[in-house]
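J.: Mind having a look at this structure? Questions to follow.
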Amino acid sequence: MKVGRYEILDTVGAGAFSRVVRAHDPYIGRIVAIKIFPKEIAVGAAREKFFQEARVIGQINHPCILALHDMGIDEATQTPYFVMEFVDGQPLDRVLEKGTIPFPRACAWMGDIAVALSVAHRKGVIHGDVKPANILINAEGRVKLSDFGMARVAHRDGVGSPLLGTPAYWCPEQIMGRPQDARSDLFSLGGVIYELLTGESPFHADSIQAVCTRVLSSAPLPPSRRNSTVPQALDEIVMKCLAKDPVLRPTSGDAVAELLYPLARRKAVSQVNQPAQQQSTLRDRAAKLLRSA
């Protein structure tokens, strides 16, 4: 079976609006990942929207962003598709099934993702669905952020919706139908960091309504209250990303990365074992960095 010139080998995964297959590119001789969308996207105004989104996404270039190689609409089936680099690894949500991530590694990974987000934001692209399932860990242990703009591309009528994405990582402005910007992605990033450190999303609940209520009105416990190895400096970074008001969040992904990378070089030691003076110094440094973010 083929899509375009690509020979489909097997299915990697499927979502509400698309499925991903592993395929072979006979021209270049490489393995690629192909995201296949519903036929409705190839009709009318949605068709032009599909091509416009592909042009924007294709301009984003960063080592921690899954590269878009090609796109098209299969002539035989009228099926739209994106061709992306194939990552030999696993999504972060699968990694989390084995337990929480040591905070230095979490800071290194999420620092890289924060920088990748900044690259996209400077191109005017908001991810809109930052979550563990959209972060891949390759065979070398490096992160790759996938599915830029995919929620908008996959939306059949081509019209933006305030509730595209995954409920556990929605930001307040998304729930309320207000305009989103780069700081909306940073709220979701804060939720991912929280989950890496604690094993659970900060607004976990049994229903979408309950999740939305918590996102809008509840402040989660600081990560260190659930994982004693987490330093207070990291608490402050995460809680700033999760601020209800976008104005109170960091100004950019680069600002978040600047705060995270120093912590990536620290050892995971329980705060209760740190001398009081050392804890105070770390808090002062974190507060200074946060004020400048």
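J.: Do you know which residues across segment 56-66 are closer than 20 Å to K131 by Cβ and surrounded by fewer than 17 Cβ atoms within 10 Å (Cβ to Cβ)?
T.: Across segment 56-66, the qualifying residue is only H62.
J.: Now for a different question. How many of the residues in segment 40-55 are surrounded by 14 or more Cβ atoms within 10 Å (Cβ to Cβ) and of a type in the set (D, E, K, R)?
T.: Residues flagged as surrounded by 14 or more Cβ atoms within 10 Å (Cβ to Cβ) and of a type in the set (D, E, K, R) within segment 40-55 amount to 4.
J.: Among (1) buried (at least 17 other Cβ atoms within 10 Å of the Cβ); (2) at pLDDT 90 or above, where does G141 come up short?
T.: It fails just one condition, (1).
J.: Another question, if that's okay. Does A46 satisfy the criteria of being in contact with an Asp or Glu (Cβ under 8 Å, 6 or more places away or on another chain) and part of a helix (DSSP H, G or I)?
T.: Yes: the conditions hold for A46.
J.: All but one of (1) at pLDDT below 95; (2) more than 28 Å from P91 (Cβ to Cβ); (3) surrounded by fewer than 20 Cβ atoms within 10 Å (Cβ to Cβ) hold for S218; which doesn't?
T.: (2)
J.: Step by step: first the residues of segment 6-36, then only those that are at pLDDT below 90 and assigned to a loop (DSSP other than H, G, I, E, B), then the one that is surrounded by the fewest Cβ atoms within 10 Å (Cβ to Cβ). Which residue is that?
T.: Checked segment 6-36; the qualifying residue surrounded by the fewest Cβ atoms within 10 Å (Cβ to Cβ) is A16.
J.: Can you find, within segment 89-101, the residue that is nearest to T198 (Cα to Cα) among those that are surrounded by fewer than 17 Cβ atoms within 10 Å (Cβ to Cβ) and in contact (Cβ under 8 Å) with a residue 40 or more places away in the chain?
T.: So the residue we want is G99.
Matching residues to (1) polar (S, T, N, Q); (2) in the same structural domain as C171 (by TED's automatic domain parsing); (3) part of a helix (DSSP H, G or I):
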site	(1), (2), (3)
G190	no, yes, yes
S224	yes, yes, yes
V230	no, yes, no
I237	no, yes, yes
K244	no, yes, no
Y261	no, yes, yes
R266	no, yes, no
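J.: Ok, one more. Taking segment 113-127 as the region of interest, how many residues are out of contact with any His (no Cβ under 9 Å at 6 or more places or on another chain) and either crowded, with 22+ Cβ neighbours inside 10 Å or more than 12 Å from D185 (Cβ to Cβ) (or both)?
T.: Of the residues in that region, 5 qualify.
J.: Shifting gears a bit: Which of the residues belonging to segment 246-256 are over 22 Å from P167 (Cβ atoms) and assigned to a loop (DSSP other than H, G, I, E, B)?
T.: Those that are over 22 Å from P167 (Cβ atoms) and assigned to a loop (DSSP other than H, G, I, E, B): P250, T251, S252.
J.: Can you pull out the residues in segment 228-258 that are under 13 Å from D181 (Cα atoms) and hydroxyl-bearing (S, T, Y)?
T.: Answer for segment 228-258, where residues must be under 13 Å from D181 (Cα atoms) and hydroxyl-bearing (S, T, Y): T251, S252.
J.: Which of the residues belonging to segment 75-88 are surrounded by fewer than 21 Cβ atoms within 10 Å (Cβ to Cβ) and touching a helix residue (DSSP H, G or I) at 6+ places or on another chain (Cβ under 9 Å)?
T.: T77, Q78, T79
J.: Next up: Please enumerate the residues belonging to segment 198-222 that are within 24 Å of R183 (Cβ to Cβ) and not in a helix (DSSP H, G or I).
T.: E200, S201, P202, F203, H204, A205, S218, A219, P220, L221, P222
J.: Here is a follow-up. Restricting to segment 230-260, what's the tally of residues that are of a type in the set (K, R), farther than 16 Å from C107 by Cα and surrounded by fewer than 22 Cβ atoms within 10 Å (Cβ to Cβ)?
T.: Total meeting the criteria: 1.
J.: Please work out if Q209 is buried (at least 17 other Cβ atoms within 10 Å of the Cβ), more than 19 Å from D93 (Cβ to Cβ), at pLDDT below 95 and in the same structural domain as R94 (by TED's automatic domain parsing).
T.: Judged against the criteria, Q209 is not a match.
J.: Return a yes/no flag: does segment 102-123 have any residue that is part of a loop (DSSP other than H, G, I, E, B) and modelled with pLDDT under 90.
T.: yes
The values are calculated or read from the model by the stated rules, or taken from the named source; none is laboratory data. Note that the structure is a prediction, hence the values are computed from the model and not measured. Cβ atoms come from the backbone with ideal geometry, glycine included; neighbour counts cover every protein chain shown.
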